[in-house]
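Notes follow the structure.
The values are calculated or read from the model by the stated rules, or taken from the named source; none is laboratory data. None of these values were measured; they are calculated from a predicted model. Don't worry about glycine lacking a Cβ; one is built from the backbone with ideal geometry, like all the others, and counts go over all protein chains shown.
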Amino acid sequence: MKLGYHSITWGGVLGHPVGVTSIKDLFYCGVGDMSEAAREIAEAGFTGTEMFDGDVAKYADRPGDLFALLEANSLELVSVYTGANFVYADILPDEMDKISRAIGLAVKFGAERLVVGGGARRAAGTTDDDYIALGRGLDRVSDMAAEKGLVATYHPHLTTIVENPSELERIMGLTHIGFCPDTGHLAAAGGDPAALIRAYPGRIKHVHLKDWKPEPFTWMPLGEGTLDFTDIVRAVTETGYDSWLMVELDEYAGSNLEAAKTSKAHLDRIVTELGITID
């Protein structure tokens, strides 16, 4: 396996403001400094990173800068994260246009994976058709990504129509896209991350590791929250998955570097205990 760390921790994430009036331009945008993020991710001992579509888009017209940043820190851009509502038919073409551009950016900068979140909850309530629309949309994204040599995965997320185990089961039966379990979001929605990973052994194509504590609700570095990452990583290995484990700490009040080091040390102990080889 290989160990990576998402750049989100450095400042968190916003949506591009132009997206309020132009859905096709609604990329995720990190608030932080990607140079600082790359430097500290590498210093903590990780060899890969995941970035938001909007953060990669900032380098579209100066690709050499991102390549140089990654090379200087011996980092690989493993994956690009994007998302959409998927349930509103009128805006779906523009959402797919945006995702197509995200796929192009991922390919341009050497990523091998596309991570997709989404499935909007309507103010009037979620319908059966919303799940059908999400499943169809995710299949289109998976096929679009595959045409460009990328593996696409769906990331369940709080506030979407796929939060809890029953919602996850529902969407997994409606799409062929890969599954990216996010341990923090799965647990916060009432699921057992290790059990849900074991439930979909053939679908695991990417992994987000995130710890949390419920009172007060806080995302945490690995080992400082309530989750059993020994069992979670064991479950991942049982599925046959042997690739990137991507730590994702959405936000943190302390030192981002120290948080990354804490998560790396916790993972190092676990992989040693389980006899896992890290490349």
Just one of 3, 14 is more than 30 Å from residue 238 (Cβ to Cβ) and part of a strand (DSSP E or B); which is it? 14
Which numbered condition trips up residue 200, out of (1) under 17 Å from the mean Cα position of the chain (by Cα); (2) within 30 Å of residue 127 (Cα to Cα); (3) among the aromatic types (Phe, Trp, Tyr)? (1)
Quick check on the range 62-69. Is at least one of its residues within 24 Å of residue 263 (Cβ to Cβ), in contact with a helix residue (DSSP H, G or I) (Cβ under 8 Å, 6 or more places away or on another chain) and surrounded by fewer than 22 Cβ atoms within 10 Å (Cβ to Cβ)? yes
Residue under evaluation residue 57, criteria (1) modelled with pLDDT of 95 or more; (2) of a type outside the set (Val, Ile, Thr); (3) more than 30 Å from residue 277 (Cβ to Cβ); (4) within 15 Å of the chain's Cα centre (by Cα), criterion not met: (4)
Scanning for something under 24 Å from residue 111 (Cα atoms), surrounded by 19 or more Cβ atoms within 10 Å (Cβ to Cβ) and either touching a Leu at 6+ places or on another chain (Cβ under 9 Å) or of a type in the set (Gly, Ala, Ser) (or both), does the range 219-232 turn up at least one residue? no
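When the residues of the range 1-29 are narrowed to those that are small (Gly, Ala, Ser) and in contact with a strand residue (DSSP E or B) (Cβ under 7 Å, 6 or more places away or on another chain), which ends up farthest from residue 264 (Cα to Cα)?
Narrowing the range 1-29 to residues small (Gly, Ala, Ser): 4, 7, 11-12, 15, 19, 22.
Subset that is in contact with a strand residue (DSSP E or B) (Cβ under 7 Å, 6 or more places away or on another chain): 4, 7, 11, 15.
Values: 4: 9, 7: 15, 11: 20, 15: 29 Å.
Here the answer is 15.
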Pick from the range 237-279, criterion β-branched (Val, Ile, Thr) and farther than 19 Å from residue 212 by Cα, ranking: surrounded by the fewest Cβ atoms within 10 Å (Cβ to Cβ): 277
The range 102-126, residues that are within 16 Å of residue 86 (Cα to Cα) and in contact (Cβ under 8 Å) with a residue 40 or more places away in the chain: 102, 115, 116, 117, 118, 119, 120, 121
Quick check on residue 227: is it under 27 Å from residue 45 (Cβ atoms), in a loop (DSSP other than H, G, I, E, B) and of a type in the set (A, V, I, L, M, F, W, C)? yes
Checking residue 253 against (1) touching a Gly at 6+ places or on another chain (Cβ under 7 Å); (2) at pLDDT below 95: exactly one of these is not met. Which one? (1)
Answer residue from the range 142-170, given it is closer than 14 Å to residue 103 by Cα, among the aliphatic types (A, V, I, L, M) and over 15 Å from the mean Cα position of the chain (by Cα) and is surrounded by the fewest Cβ atoms within 10 Å (Cβ to Cβ) among those: 146
Which of (1) over 30 Å from residue 275 (Cβ atoms); (2) more than 20 Å from the chain's Cα centre (by Cα); (3) touching a residue at least 40 places away in the same chain (Cβ under 8 Å) does residue 8 not meet, given it meets every other one? (2)
